[in-house]
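Notes to accompany the following structure.
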């Protein structure tokens, strides 16, 4: 369940506007065919502040370790979360490429931010398959991929309001949280690496203001 506090368009260069999706930075991405970029550009991204309760489920990381989702999310680092599956040919490669570029742009700060990608197709996405997928996108140590039982995946999807009935109805959603017990910033639609970095910086800034 989520409590929606406000719906606000993503900010671009200080103005409140809706973003058209596909990143121009992805234009040379071999994992993103032309038709997928056209699909992304036809969509808008909008952000809202929401409250989610992290479900107490157990998942399996791409390194084969069984972990608690709350413990993974509540280690003190800011969290960026998305939901993917490795056989996806459109939405997921775009979202994963954005995460990859975002992580690279963090530079030395990368280990202080936790990127998380949870599979919505856990019956096919074994830890080994997720590890291969992570390698393909150049995931660094701060970006983990998770699988588990089908039930655990469904619980996680429903907790973050991304469940759409089946994986073929999967929609692009990115979630950001500055710290445990803080609200989440939910972005529906495709977002560019630049816009994701802007959202992340604004989230950290708002956290600092709230702590004073």
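The values are calculated or read from the model by the stated rules, or taken from the named source; none is laboratory data. None of these values were measured; they are calculated from a predicted model. Cβ coordinates were reconstructed from backbone atoms using ideal geometry, including for glycine residues, and neighbour counts include every protein chain displayed.
When residue 72 is tested against (1) touching a strand residue (DSSP E or B) at 6+ places or on another chain (Cβ under 8 Å); (2) outside any helix (DSSP H, G or I); (3) over 23 Å from residue 190 (Cα atoms); (4) at pLDDT 95 or above, only condition (2) is not met. Taking the stretch 166-177 as the search range and keeping residues that are modelled with pLDDT of 95 or more and more than 14 Å from residue 94 (Cα to Cα), which one is surrounded by the fewest Cβ atoms within 10 Å (Cβ to Cβ)? So the residue we want is 175. Which members of the stretch 113-128 meet the condition of being part of a helix (DSSP H, G or I) and either out of contact with any strand residue (DSSP E or B) (no Cβ under 7 Å at 6 or more places or on another chain) or loosely packed, with under 15 Cβ neighbours inside 10 Å (or both)? The answer is 128, and nothing else. All of (1) modelled with pLDDT of 95 or more; (2) part of a loop (DSSP other than H, G, I, E, B); (3) over 21 Å from residue 74 (Cα atoms); (4) within 15 Å of the chain's Cα centre (by Cα) hold for residue 139 with one exception: (3). Looking at the stretch 35-43, can you tell me whether even one residue there is surrounded by fewer than 16 Cβ atoms within 10 Å (Cβ to Cβ), outside any helix (DSSP H, G or I) and at pLDDT below 50? Within the stretch 35-43, one or more residues are surrounded by fewer than 16 Cβ atoms within 10 Å (Cβ to Cβ), outside any helix (DSSP H, G or I) and at pLDDT below 50.
Would you check if there is a residue in the stretch 113-121 being more than 23 Å from residue 199 (Cβ to Cβ), in contact (Cβ under 8 Å) with a residue 12 or more places away in the chain and touching a helix residue (DSSP H, G or I) at 6+ places or on another chain (Cβ under 8 Å)? Yes, the stretch 113-121 contains at least one residue that is more than 23 Å from residue 199 (Cβ to Cβ), in contact (Cβ under 8 Å) with a residue 12 or more places away in the chain and touching a helix residue (DSSP H, G or I) at 6+ places or on another chain (Cβ under 8 Å). The set of residues from the stretch 56-81 being touching a helix residue (DSSP H, G or I) at 6+ places or on another chain (Cβ under 8 Å) and over 18 Å from residue 121 (Cα atoms) comprises 56, 77, 78, 79, 80. Within the stretch 53-85, being under 19 Å from residue 141 (Cα atoms) and surrounded by 21 or more Cβ atoms within 10 Å (Cβ to Cβ) holds for 59, 60, 62, 69, 79, 80, 81, 82, 83, 84. Given the criteria outside any strand (DSSP E or B) and either more than 15 Å from the chain's Cα centre (by Cα) or closer than 25 Å to residue 188 by Cα (or both), does residue 96 qualify? Spelling it out, residue 96 is indeed outside any strand (DSSP E or B) and either more than 15 Å from the chain's Cα centre (by Cα) or closer than 25 Å to residue 188 by Cα (or both).
Filtered by the rule that a residue be closer than 20 Å to residue 126 by Cα and assigned to a helix (DSSP H, G or I), the stretch 142-178 gives 150, 151, 152, 153, 154, 155, 156, 157, 167, 168. When you look at residue 60, is it under 14 Å from the mean Cα position of the chain (by Cα), in contact (Cβ under 8 Å) with a residue 60 or more places away in the chain and either part of a loop (DSSP other than H, G, I, E, B) or under 18 Å from residue 145 (Cβ atoms) (or both), yes or no? Criteria not met by residue 60. Candidates are the residues of the stretch 179-212 that are in contact with a helix residue (DSSP H, G or I) (Cβ under 9 Å, 6 or more places away or on another chain) and part of a loop (DSSP other than H, G, I, E, B); the one that is nearest to residue 78 (Cα to Cα) is 179.
Pick from 139, 131, 110, 156: which is closer than 21 Å to residue 203 by Cα and either surrounded by fewer than 18 Cβ atoms within 10 Å (Cβ to Cβ) or touching a helix residue (DSSP H, G or I) at 6+ places or on another chain (Cβ under 9 Å) (or both)? One residue alone meets the criteria, 110.
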